[in-house]
1. How much length is gained if the chain between Ala361 and Arg313 is pulled fully straight, taking 0.36 nm per residue apart and subtracting their Cα-Cα distance, in nm to one decimal?
2. With all protein chains present and a 1.4 Å probe, how do Tyr31, Tyr16, Tyr134 order by accessible area, largest first?
3. Percent of accessible area on the chain owned by carbon and sulfur, 1.4 Å probe?
4. Given a cut-off of under 8 Å on Cα pairs at least six residues apart, what relative contact order in percent is computed for the chain?
5. How large is the accessible surface of Arg29 in square angstrom, using a 1.4 angstrom probe and rounding to the nearest 10?
6. If you take the beta carbon distance between Ala210 and Thr354 as r and set R0 to 25 Å, what does 1/(1 + (r/R0)^6) give as a FRET efficiency, to the nearest 0.05?
7. Mind checking the per residue accessible area of the chain for me, 1.4 Å probe, whole number of Å²?
8. At a probe radius of 1.4 Å, what is the per-residue accessible area of Trp272, in Å² to the nearest 10?
Amino acid sequence: MPQPPTTALAPYESEYEGYMGNYGNTIDRWYHRSAVVLWPANQAFSNRAEANPAWALDAIQRSIDTGDLAQARADAVSLQRFWRQVDPASIGSALCVAGGLADPTAASVVLAPYQLETVTGEDAEPLAAAVTAYGDAWWTALLDQWDKAGYYGGQGRDDWCGTTLPQVCRALIDHGSPTAADILAGRMWQQVWRQARAALNSQHPGHRAAGLTKLGPALASLVQCSPPELGETIVAQLRDADDTITPLLVAVLRASRLRATSTVSAISQDCWERLVRQLAQPERADDWSISWSGCGCADCQRFAGFLGSPTERTLDWPLAQRRRQHIHQLIDRAGLPVTHVTRRKGSPYVLVLTETDELFAREASDRHEAEAALMWVVSAFG
């Protein structure tokens with residue numbers, strides 16, 4: 001029914017302030033409005049649960065504790081229509097509820113909006129209990145659902161792998177679900193390897209090394225949790241990569257130093273061979289050549305030719321603005337030791353490229369780091 005306008009109501013309080021010199025007189029009025037909300041009794045749980053997810057989990061848990069599993073399951077399934085925005089910290093309660101429902105479908109509904117990264121070490125036991133109760137197929141489907149939900153905005157997947165994965169895998173094995181632990185480890189390897197490939201695709205050597213090094217603790221934890229077959233796969237895929245992957249191998253070994261396994265031993269052998277091969281290369285003397293390839297356009301070919309010359313250090317290159325910008329972006333993206341200055345005379349302007357002494361400084365630094373890493377690998381792994 002139509003509601004009366006505020007002007008037709010009597011205020012329950014008002015306050016008048018007279019003229020103050022620099023502004024006019026004012027009057028404030030306050031009004032009370034109220035509303036009565038009614039819903040069918042059979043929708044009471046859904047309406048309250050949508051407004052307060054924490055209350056919903058508590059209500060379902062109370063039904064479980066009192067032995068009313070039929071009501072608990074019905075309430076859990078009814079969440080599916082709106083169960084989207086939940087507090088990531090409530091996953092512990094959700095796992096307890098899911099395990100107590102003794103129903104795989106209802107348990108999947110309760111856990112659907114969470115992500116793997118929200119599972120903490122304290123949650124490993126209730127998670128393992130639920131997985132053991134519902135089976136490996138249920139676990140696989142839940143992991144698929146969590147991946148679709150996206151990554152949690154707090155802890156990253158690689159950080160989670162480096163800290164919490166061993167606890168979860170250990171709990172799964174202790175609860176008699178070693179296959180579920182293997183399934184989880186396999187998925188984590190796929191995730192870590194995707195990130196490693198992304199880092200390897202970076203043309204910037206500093207960004208590439210930093211990205212690979214960051215994955216070291218995650219891969220080290222994963223190696224400790226991996227069954228023999230997965231360990232062999234990890235070793236084989238790492239070995240198939242080119243030598244730019246060496247920072248990842250060193251980082252894995254440093255994180256695995258006191259936990260040697262057959263997989264770690266194989267990685268240490270691969271790392272040792274790569275470092276020896278790197279140090280066997282002759283030191284750069286008066287060679288200014290840089291190996292590089294671009295998008296394949298005519299300008300990239302010309303630029304690659306300049307970089308590949310062992311003697312040419314400077315290039316004066318008349319280029320239109322867009323072509324100059326293209327070369328600028330390529331230099332910055334690859335972190336090349338080349339300065340680029342535009343000489344704004346004539347038409348088109350001239351792009352002046354100059355290779356810097358940083359080329360030699362970088363190579364000397366890389367060799368020093370490789371020597372130190374090799375000495376450490378030999379001392380730590382023999």
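1. On the way: separation 48, 0.36 × 48 = 17.28 nm, distance 1.58 nm.
Extra length from Ala361 to Arg313 when fully extended: 15.7 nm.
2. Working: Tyr31 75, Tyr16 145, Tyr134 40 Å².
Putting Tyr31, Tyr16, Tyr134 in descending order of accessible area: Tyr16, Tyr31, Tyr134.
3. Details: 10790 of 20720 Å².
Carbon with sulfur: 52 percent of the solvent-accessible area.
4. Values: 455 pairs, mean separation 34.1, N = 382.
Reported as a whole number, the value is 9 percent.
5. Spelled out: Arg29, probe radius 1.4 Å, area about 130 Å².
6. Details: r = 26 Å, r/R0 = 1.06.
Given R0 = 25 Å and the Cβ-Cβ separation, E is 0.40.
7. Working: 20720 Å² over 382 residues.
Using a 1.4 Å probe on heavy atoms only, each residue of the chain averages 54 Å².
8. The value for Trp272 is about 100 Å².
The values are calculated or read from the model by the stated rules, or taken from the named source; none is laboratory data. Not measured: the values here are computed from a predicted model. We place every Cβ from the backbone using ideal geometry, glycine too, and count neighbours over all the protein chains shown. Protein only, heavy atoms only, side chains kept; ligands, DNA and RNA dropped before computing areas. Shrake-Rupley method; radii C 1.70, N 1.55, O 1.52, S 1.80 Å.
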